[in-house]
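The values are calculated or read from the model by the stated rules, or taken from the named source; none is laboratory data. If you're wondering where the values come from, they're calculated on a predicted model, not measured in any experiment. With ideal geometry, Cβ positions are generated from the backbone for all residues, glycine too; neighbour counts draw on all protein chains shown.
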Amino acid sequence: MNNFIADRFKNKTHPMGDNKFNEKCKYSPINLGIGDLDITTDETIIRKAMDDAIMGHTHYTDPRGYLELREEICNYHKNNFENYNFSTENVLVVTGACHALYLLINAITNPGDEVIVLAPFFPVYADSISLANSVMKVVETKFSNDFQIIEEDLEKSISPKTKAIIVNSPSNPTGVCYNLESLNIIRKLAIKYNLLIIADDVYDFYSYEDSFSPIYTLPDMKERTVSVCSFSKDFAMTGWRIGYVVGNKEIIECMNSINEAIIYSPPSVSQRCALHALKDFKRIKENIVPIFKERVEYSYDRIKKIPYLDCFKPQGGIYLFVNIEKTKMTSDEFTKFLVKNYGIMVISGKSFGGEGFIRIACTLDISMLKEAFDRMEDIKF
């Protein structure tokens with residue numbers, strides 16, 4: 001029988017690895033891999049969304065998303081950030097941030113165009129760029145520099161084929177929040193070379209030291225920034241698959257045109273839940289964010305006490321990017337070693353463009369994090 005799979009997918013790998021728990025391991029499994037929050041979506045907004053479904057919100061919506069939801073998105077950004085004003089024609093509601101990235105990169109790149117990513121980076125960036133037949137250019141940020149931007153490293157990666165830079169702050173996986181100096185380096189180069197900035201703002205709630213600073217709001221950046229936002233992590237709504245994009249009208253219209261051929265419109269019930277979530281964001285944020293801040297701080301303190309590990313202290317997000325170089329193992333080797341012998345699932349830093357690191361997701365209760373770090377503490381190198 002013919003192999004009908006396209007050549008470009010025959011050797012496809014999983015973006016964040018495919019390790020599995022070892023059934024023979026004496027330890028019970030602890031999954032610190034995938035970043036799916038262990039918190040259920042707020043019951044109040046679930047009930048409101050279900051009431052809306054009963055009232056008839058079970059049909060196709062405007063392909064761009066409910067107007068009411070897009071208006072609430074506009075109000076949220078206007079009321080909570082300086083210089084973050086836009087209209088509903090600048091908003092596209094999508095089925096999550098990964099979907100948004102796929103649409104956006106297809107909308108702005110021609111085959112062979114280059115998109116710069118700052119390593120360590122979210123692995124889905126590589127897939128979205130590849131699926132658009134574009135080229136990923138990786139600019140490494142350094143553990144020794146707290147993963148902030150070095151201007152000369154970024155500028156020398158720019159070529160006549162460069163179309164965009166992806167900026168993720170707070171970062172998955174490092175937890176870095178780019179300071180104003182780093183953001184202004186990106187801004188300066190974007191203007192100098194006429195580049196688009198793709199702002200992955202998925203973790204905007206989780207900025208622990210300073211208030212979240214959207215690059216969109218910097219001078220002269222409104223027309224050259226597209227912000228990708230999600231309800232998944234901010235509102236513990238991963239399974240609802242809902243997010244949105246903010247950008248100039250031309251790009252939004254192009255993305256919408258592509259999307260009509262894929263899903264037509266986002267899920268109506270998920271949009272209703274998102275609407276109610278935004279209207280009640282302060283209460284939900286106050287309930288969720290402190291939980292993950294405590295977990296991140298606890299995990300960081302435990303890691304710093306383990307001799308063979310080191311870690312940048314996260315300024316935001318829900319992850320830790322842990323340096324394992326003292327183990328003398330590669331990222332893949334140590335990841336497999338942990339899951340096989342100690343029942344702890346983490347993700348290899350190699351997937352994020354960070355060899356010598358692993359990513360730990362703080363998506364379990366502190367009692368489970370304690371058990372995981374107790375096991376790691378017993379390992380001798």
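Restrict the check to the range 69-87 and report whether at least one residue is surrounded by fewer than 21 Cβ atoms within 10 Å (Cβ to Cβ), among the aromatic types (Phe, Trp, Tyr) and under 16 Å from Ile242 (Cβ atoms).
yes
Looking at Ser134, Ser157, Ser144, which one is of a type outside the set (Asp, Glu), modelled with pLDDT under 95 and either touching an Asp or Glu at 6+ places or on another chain (Cβ under 7 Å) or in the same structural domain as Pro266 (by TED's automatic domain parsing) (or both)?
Unique residue meeting the criteria: Ser144.
Go through the range 217-244 and give me each residue that's under 18 Å from Ala190 (Cβ atoms) and within 15 Å of the chain's Cα centre (by Cα).
Val226, Ser227, Val228
From (1) buried (at least 18 other Cβ atoms within 10 Å of the Cβ); (2) under 15 Å from Ile149 (Cβ atoms), pick out the condition that doesn't hold for Pro173.
(2)
Filter the range 301-322 down to residues that are within 20 Å of Asn31 (Cβ to Cβ) and under 20 Å from the mean Cα position of the chain (by Cα) and give me whichever is surrounded by the fewest Cβ atoms within 10 Å (Cβ to Cβ).
Residue satisfying both the conditions and the ranking: Cys311.
I want to confirm something. Restricting to the range 304-322 and keeping residues that are touching a Leu at 6+ places or on another chain (Cβ under 7 Å) and not in a loop (DSSP other than H, G, I, E, B), which single residue is farthest from Ile34 (Cα to Cα)?
Cys311
Going by the structure shown, is Asp62 more than 25 Å from the chain's Cα centre (by Cα), surrounded by 10 or more Cβ atoms within 10 Å (Cβ to Cβ) and of a type outside the set (Lys, Arg)?
So Asp62 fits the description; yes.
Name the residue that is farthest from the chain's Cα centre (by Cα), counting only residues in the range 112-129 that are more than 23 Å from Tyr203 (Cβ to Cβ) and surrounded by 15 or more Cβ atoms within 10 Å (Cβ to Cβ).
The selected residue is Asp113.
Residues of the range 197-217 being closer than 19 Å to Phe231 by Cα and either out of contact with any Ser or Thr (no Cβ under 7 Å at 6 or more places or on another chain) or modelled with pLDDT under 95 (or both), which ones?
Of everything in the range 197-217, those that are closer than 19 Å to Phe231 by Cα and either out of contact with any Ser or Thr (no Cβ under 7 Å at 6 or more places or on another chain) or modelled with pLDDT under 95 (or both) turn out to be Ile198, Asp200, Tyr203, Asp204, Phe205, Tyr206, Ser207, Tyr208, Ser211, Phe212, Ser213.
Being over 26 Å from the mean Cα position of the chain (by Cα) and outside any loop (DSSP other than H, G, I, E, B) is the filter here; which residues of the range 45-59 pass it?
Result: Arg47, Lys48, Met50, Asp51, Asp52, Ala53, Ile54.
Take Ile318 and decide whether it is in contact with a helix residue (DSSP H, G or I) (Cβ under 6 Å, 6 or more places away or on another chain), hydrophobic (A, V, I, L, M, F, W, C) and in the same structural domain as Gly356 (by TED's automatic domain parsing).
So Ile318 passes the test.
Which residues, counting only those in the range 46-90, are among the β-branched types (Val, Ile, Thr), in contact with a Leu (Cβ under 9 Å, 6 or more places away or on another chain) and farther than 26 Å from Ser213 by Cα?
Thr61 - this is the single residue of the range 46-90 that is among the β-branched types (Val, Ile, Thr), in contact with a Leu (Cβ under 9 Å, 6 or more places away or on another chain) and farther than 26 Å from Ser213 by Cα.
Name the single residue, out of those in the range 326-348 being touching a residue at least 24 places away in the same chain (Cβ under 8 Å) and among the aromatic types (Phe, Trp, Tyr), that is farthest from Arg375 (Cα to Cα).
Phe334
Can you go through Ala97, Ala132 and tell me which one is under 25 Å from Ile360 (Cα atoms) and crowded, with 21+ Cβ neighbours inside 10 Å?
Of the residues listed, the single one that is under 25 Å from Ile360 (Cα atoms) and crowded, with 21+ Cβ neighbours inside 10 Å is Ala97.
If you take the residues in the range 9-44 that are under 25 Å from the mean Cα position of the chain (by Cα) and outside any loop (DSSP other than H, G, I, E, B), which one is modelled with the lowest pLDDT?
Within the range 9-44, the match that is modelled with the lowest pLDDT is Phe9.
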